[in-house]
Amino acid sequence: MTRRRTTRLRRTLLAGTTAIAVTAVTAGIVAAAQEPAKAATGPELSLVAATTSVTLTTWKEEPGVYLDLGTYLIAEGTPLELKVTRKSYKDPVTVTQSVYEGGKARAKKLPTGTVKDFSGLPGFTEITLTDDAGRKVLTRSESFCPNNASGRVRPDAPSTSKYPESCPTNPFTLGSVWGVEKGWAANTYGGSYTEPVQLPAGTYTAEVGVAKKYRDLFGIADKPATVKVTVVERSVEDEESTTGAAPRSAKVGEHAGHAGHQAPTAHAGHGPGHAPAPAEAAAPVTSGAGPSYNVGHGPLKAAPPALPWALKKKQKSSLSPQAGDRGGQTDGSRQAPALEPLSKRPTGKPSVPDVPKPDLRSLPAYGITIADGGKDNPGKDYLAFSANVWNAGPAQLVVDGFRSPGKATMDAYQYFYDAKGKQVGYTPTGTMEWDPRPGHEHWHFTDFASYRLLKADQKEAVRSGKEAFCLANTDAIDYTVKNANWHPYNTDLAAACGEENSISVREVLDVGSGDTYTQDLPGQSFDITDVPNGTYYIQVLANPEKRLKETDLGNNSALRKIELGGKPGARTVTVPAHDLVDAN
């Protein structure tokens with residue numbers, strides 16, 4: 001149970017950003033029968049260091065070193081592929097490994113407790129640091145996300161990895177796919193998921209190895225990597241006086257609200273400075289009432305993979321295609337219809353054909369907190385929260401908006417596709433409107449979701465004014481559902497939502513992904529100033545007017561129980577666990 005007092009909101013950047021697991025991975029995959037695991041072979045895994053020495057920075061303003069040591073896990077022979085799921089929020093998270101034989105895969109269930117959540121393999125790497133005198137100054141273990149920033153280690157490896165680019169951080173994730181493609185390497189550094197360590201400037205030796213339970217589980221040799229580490233101390237003030245401007249890592253937070261859709265550093269594994277600076281930890285304070293530059297979406301696509309070096313000399317004459325791959329697909333299960341906005345509005349008679357359709361579902365609210373009204377709304381109390389609506393498939397939600405010249409709105413249409421990705425129908429589905437407010441400035445599709453604060457008897461107490469959205473694939477919710485797209489289109493507002501002068505816009509919610517809005521934007525939180533203390537439910541309701549055509553309209557609502565307390569100006573909220581999910 002989580003209890004929070006009145007605070008000013010801060011929005012932490014998640015990876016994702018932001019931040020994934022294995023679906024029925026290929027059209028040729030055979031489910032895990034009762035055959036022994038020895039009938040199939042696992043990948044050849046090894047831990048290597050990309051360099052023999054690294055230089056890390058500690059800042060005077062906020063000391064601490066992030067241990068990005070440049071160590072990677074390489075997969076050869078076959079991919080390392082893990083499917084991480086839970087049946088419901090009442091069930092624990094479990095993991096199975098896909099082991100290959102003859103191009104087919106069998107599922108091998110890994111021991112209970114191997115994983116606890118969807119953020120990676122806990123305690124995978126073991127790091128020991130010694131100083132110049134040989135004294136041990138640090139021993140720690142870190143989790144490993146196999147989807148971390150990665151790259152090819154030999155030129156004949158597959159040109160792209162079919163696996164997602166990060167591990168999910170949404171507390172209500174249901175299914176994830178983790179993997180290291182064959183001939184690829186994944187960075188073992190956990191990015192901003194890890195905690196910095198306090199190290200004075202100087203030189204050290206780092207020994208990085210894989211924990212014994214994972215060596216035994218995956219057949220990894222006990223060969224730790226050794227890296228020389230130089231820690232240098234720098235100061236933001238010194239940087240400013242030398243260059244006339246703050247260094248990149250110190251400036252990020254200045255417009256962090258706008259930067260909410262930039263690639264997060266967590267799980268990126270590369271980039272200047274190697275670690276988030278203090279200013280990158282959260283967006284500016286927002287009140288939940290007044291204008292905000294916090295763009296409001298959740299974790300986004302991670303930084304692009306980069307690994308500009310080759311670790312092995314293995315050469316092969318040709319590449320073997322992945323089982324089940326064919327035109328327009330990468331894992332044998334996904335389709336790729338055209339995703340660019342059409343040049344003109346549809347003509348002909350609207351129809352809703354009998355083809356696969358999306359299935360919109362809501363997650364329980366999270367990130368729940370009390371916010372005051374700030375200087376713009378003194379004396380007000382607001383209940384702020386994050387909400388996610390996701391698409392369980394088996395088809396994308398594709399909505400196009402078309403503008404009549406000079407009008408401030410667009411006519412919206414939902415499109416339908418057959419199993420081959422061919423457009424076979426459309427139907428009008430409301431409007432899109434331009435939102436000029438700071439922090440928005442994009443086209444919103446109306447009536448996508450609504451939020452209500454319900455009393456203990458589940459009758460409405462307060463309704464949020466937020467019902468219009470720009471759709472973006474911000475969170476991987478369940479990449480094990482049929483047709484889940486592990487590399488979804490439009491993962492940020494810049495790609496998804498158009499410009500003020502746009503003539504048309506296409507917004508997509510892909511299968512397996514959801515769109516998170518943090519509820520500290522104007523109109524998105526509940527005014528609870530005059531709401532009595534007691535038991536309430538936050539309702540997240542997808543497709544409230546039923547304008548969108550779905551496979552199932554019966555699973556669009558999700559409730560999260562809360563307890564309001566305190567006094568005006570000092571309200572509190574208590575958030576009980578939702579089954580096994582004790583996260584706020």
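Quick notes on this one:
- Over 24 Å between alpha carbons, listed pairs Lys108/Lys182; Lys357/Lys459; Lys109/Lys213; Lys90/Lys549; Lys104/Lys162: Lys357/Lys459; Lys90/Lys549
- Relative to the current alpha-carbon distance between Thr574 and Leu342, full extension at 0.36 nm per residue lengthens the span by 78.8 nm.
- ³J(HN,Hα) computed for each position of the range 155-163 - Karplus, 6.51 cos²θ - 1.76 cosθ + 1.60, integer Hz, glycine/proline x: x, 9, 6, x, 5, 9, 8, 6, 7
- Computed from the Cβ-Cβ distance with R0 of 35 Å, the FRET efficiency linking Asp376 to Gln198 stands at 0.30.
- Paramagnetic reach from Asp156 (point 7 Å along Cα→Cβ, amide N under 11 Å) across the range 179-194: none
- Per-pair calculated FRET efficiency, R0 = 30 Å: Arg547 and Glu460 via Cβ, rounded to 0.05: 0.90
- FRET efficiency, 1/(1 + (r/R0)^6) with R0 22 Å, evaluated for Asp131 and Lys213 via beta carbons: 0.15
- Within the range 81-228: Cβ-based charge dipole about Cα centre, in debye rounded to nearest 20 (Lys, Arg +1; Asp, Glu -1): 560 debye
- Spin-label model, Lys223/Lys420: points 7 Å from Cα along the beta carbon direction are separated by 5.0 nm.
- Chain lengthening between Glu62 and Asn533 when straightened (0.36 nm per residue, less Cα-Cα): 165.6 nm
- Among residues other than Thr169 with Cβ under 12 Å from its Cβ, the summed charge is -2 (Lys and Arg +1, Asp and Glu -1).
- Dipole-positive endmost among Ser166, Ile220, Gly209 within the range 160-226 (Cβ charges, Cα centre): Ile220
- Ranking Thr188, Thr205 from most to least accessible surface, computed with a 1.4 Å probe over the protein chains only, gives Thr205, Thr188.
- Computed from the alpha carbon atoms alone, the convex hull of the range 59-196 holds 161 Å³ per residue.
- Summing charges over all other residues whose Cβ lies under 11 Å from the Cβ of Lys357, with Lys and Arg as +1 and Asp and Glu as -1, gives -3.
- Inter-probe distance in nm under a simple model that places probes 7 Å from Cα toward Cβ, at Ser53 and Asp354: 7.2 nm
- 10 Å beta-carbon shell around Val208, net charge (K/R +1, D/E -1): -3
The values are calculated or read from the model by the stated rules, or taken from the named source; none is laboratory data. Since the structure is predicted, the reported quantities are computational estimates derived from the model, not experimental observations. Positions of Cβ are generated from backbone atoms using ideal geometry, with glycine treated the same way; all protein chains shown enter the neighbour counts. We work out accessible area using only protein heavy atoms, side chains counted, and drop any ligands, DNA or RNA first. Shrake-Rupley method; radii C 1.70, N 1.55, O 1.52, S 1.80 Å.
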